[in-house]
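Data first, discussion second: the structure below is written as structure tokens.
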Amino acid sequence: MITPARYWSLLILTLLVYLAGLFVTLFENDSAQFAVMAMRMVQENDFLSLFKGPEEYLDKPHMHYWLAALAFKLFGIHDWAYRIPALLATLLGAWSTFGLGKLLYNKQVGRLACLIFLTAQTIVLSNIDVRTDAVLTGFTVFSIWQFAKYIRDSDLFSLMLGAFGAGIAFSTKGQIALLVIGIPILCHLAYTRKWQVLLNWKVAAALFVFLLTISPMLYAYYQQFDLHPEKVIRGRSGRSGILFIFWEQSFERLSGEGVGRNSSDYFFFFHTFLWVFLPWTLIGIFAYWDALRRLFKTHFRKNPKLELLTTGGIGIIFIIISFAQFKLPHYLNILIPLFSVLSAAYLFTLKRRQKALVLNRVLAGQYFILSLVFIATALICFYVFEWKSWLSYLPLGLGYAVITYFIVKKEAPYVRIVTISVLASVLLNSVLNLHFYPELLRYQGGSAMARIVSREEIPADRIVKISERHTWALDFYNRHPVRITPLDQLGDLKDTWVYASGEEMTLLLQKGFTWDREYEVDQFRITRLQAKFLNPATRPLILNRMYLLHIP
């Protein structure tokens, strides 16, 4: 068994990684965009309307933006304040994953599931590149846990908490929340044969709590859209926000209508899973296969040692989202708590049954993943973004030494698997948060230019752009959105700063504009990394430039 001292040490190291990530510059597009949308709420004191730049925003409901706006109100408009709700929701998700693992199996499984959840790569990343998924994931697993408690104990309080969690999740991203909560719970009801818990007045009370929880979001949608049928949203007038969130949203995602299509690859999430659940990927695959095999072996007959909540939930949701025409890797975040519980149960079962041969094979797989982490961190620090001072390599060397110590230390395979897997996640994400991301973000034009604006004391309200190109990072760090000024109206302005690309600067020259001050920064779409960018020799060849030009 893992001693309490070892467990808490690993947990504290993991949480320190999360704290380090709080202070990373916001990524474009989504993180910076959502932060600007929440910032606008605070600055204009309008918490009912959602705007994406000059356009009214229908796509996602309000909860994520409200939580970010609340953080801005409490702590000021800072990137670390924007990330606080996501971090708190992730901690709620970790606690709920522990509770779910304990409920379905035992306390040891719950403790390990919590650790697996917090060290899964996509969960760590969701607290750096913060979108709506951290809040969604935290409240969906909380709701699943509480509903499962109600099914076991018929506890009214658990049912109310589950309904509240479902309401917050629905108010964060819409129908997908109900899908992710409902399918595992239905699988659990089917396996435990406890359908009678639905035929209870308590369920009606829970529905009331759910409706009460989502009512602020519905009211905001009603005020912004339903009361104004004349508004044209995505080429259509007469849009109902309430109808959209209850009916149209998920169908648009599945069909690609409105949001566009970005992938018809039905295996997208299968190969994406290979990295989002690192360093636990192999264990997750083995765990799911083993659970499915045992369920089929018992012909899905009720067995106190088995459960269908995680296995059924993962399988059905995986299939449904694979048919969506619009796919992004972070859509898998909502399944990570279920994978964490299943993986923890698998490892615990191997240990309890003393399956030494299988545990050693799993350990060999984790050594392989650890070797990839060693290679990746070495490449980042010695090649991609080389450290300038040899002193910077001391923490990295210390990290390698600590992990090597636990590799050679004589311990049970189960303890080794958990220890080196968590340390692999800590090592990788420490390097990412403290070195890779800060260096990478030097090439994000908007945030880099915002530092120049601050240093040179350039008035943010005098900066304009001549196209609809998004400038989320510049908007956020200037605390002021860059206004769009058509080129034919630019001549009417005086003492103006124009934020422009190289092509736009050429166009300004052709139109006879001149400037007396010019600042230049590198620009690269950092969320779409390429081999040519990661190679220092070819990086300058693919960089663009952004300019800030003073037209007197």
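The values are calculated or read from the model by the stated rules, or taken from the named source; none is laboratory data. Just so we're clear, the structure is a prediction, and the values are computed from it rather than from any experiment. Virtual Cβ from ideal backbone geometry, glycine too; neighbours counted across all protein chains shown.
Lys173 meets the conditions (1) touching an Asp or Glu at 6+ places or on another chain (Cβ under 7 Å); (2) among the basic types (Lys, Arg); (3) at pLDDT below 95 in every case but one. The failed one is (1). The residue pairs whose first member lies in the range 264-280 and is not assigned by TED's automatic domain parsing to the domain that holds Ile317, whose second member is modelled with pLDDT under 90 and among the acidic types (Asp, Glu), and whose beta carbons are closer than 9 Å, counting only pairs six or more residues apart or on different chains, are His271/Asp265.
Restricted to helices (runs of 4 or more DSSP H) entirely inside the range 385-480, those with at least 2 residues that are of a type in the set (D, E, K, R) and free of Cβ contacts under 8 Å to residues at least 40 places away in the same chain are 445-455. In this structure, does Val141 turn out to be under 27 Å from the mean Cα position of the chain (by Cα) and of a type outside the set (Ser, Thr, Tyr)? When the stated conditions are applied, Val141 passes them.
Is it the case that some residue within the range 293-302 is over 19 Å from Leu189 (Cα atoms) and not assigned by TED's automatic domain parsing to the domain that holds Arg131? Yes, some residue in the range 293-302 is over 19 Å from Leu189 (Cα atoms) and not assigned by TED's automatic domain parsing to the domain that holds Arg131.
Filtering the range 48-81 to residues that are of a type outside the set (A, V, I, L, M, F, W, C), surrounded by fewer than 19 Cβ atoms within 10 Å (Cβ to Cβ) and free of Cβ contacts under 8 Å to residues at least 40 places away in the same chain leaves Lys52, Glu55, Tyr57, Lys73, Gly76, His78. Within the option set Leu199, Leu207, Leu186, being surrounded by fewer than 18 Cβ atoms within 10 Å (Cβ to Cβ) and closer than 23 Å to Leu292 by Cα holds for one residue only, Leu186.
Among the residues of the range 287-305, those identified as part of a loop (DSSP other than H, G, I, E, B) and farther than 18 Å from Trp195 by Cα are Thr298, His299, Lys305. Just one residue in the set Ile84, Ile77 is assigned by TED's automatic domain parsing to the domain that holds Gly138 and either under 17 Å from the mean Cα position of the chain (by Cα) or part of a helix (DSSP H, G or I) (or both); that residue is Ile84. Among the residues making up the range 319-340, those that are in contact with a Phe, Trp or Tyr (Cβ under 9 Å, 6 or more places away or on another chain), at pLDDT below 90 and under 24 Å from Leu112 (Cα atoms) are Tyr331, Leu332. Restricting the range 144-169 to residues that are within 25 Å of the chain's Cα centre (by Cα) and either among the β-branched types (Val, Ile, Thr) or modelled with pLDDT under 95 (or both) leaves a set whose member that is nearest to Tyr221 (Cα to Cα) is Ile168.
Let's see how each residue does on (1) modelled with pLDDT of 95 or more; (2) under 27 Å from Lys102 (Cβ atoms):
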residue: Tyr346; (1), (2): yes, yes
residue: Thr349; (1), (2): no, yes
residue: Phe382; (1), (2): no, no
residue: Trp390; (1), (2): no, no
residue: Pro395; (1), (2): no, no
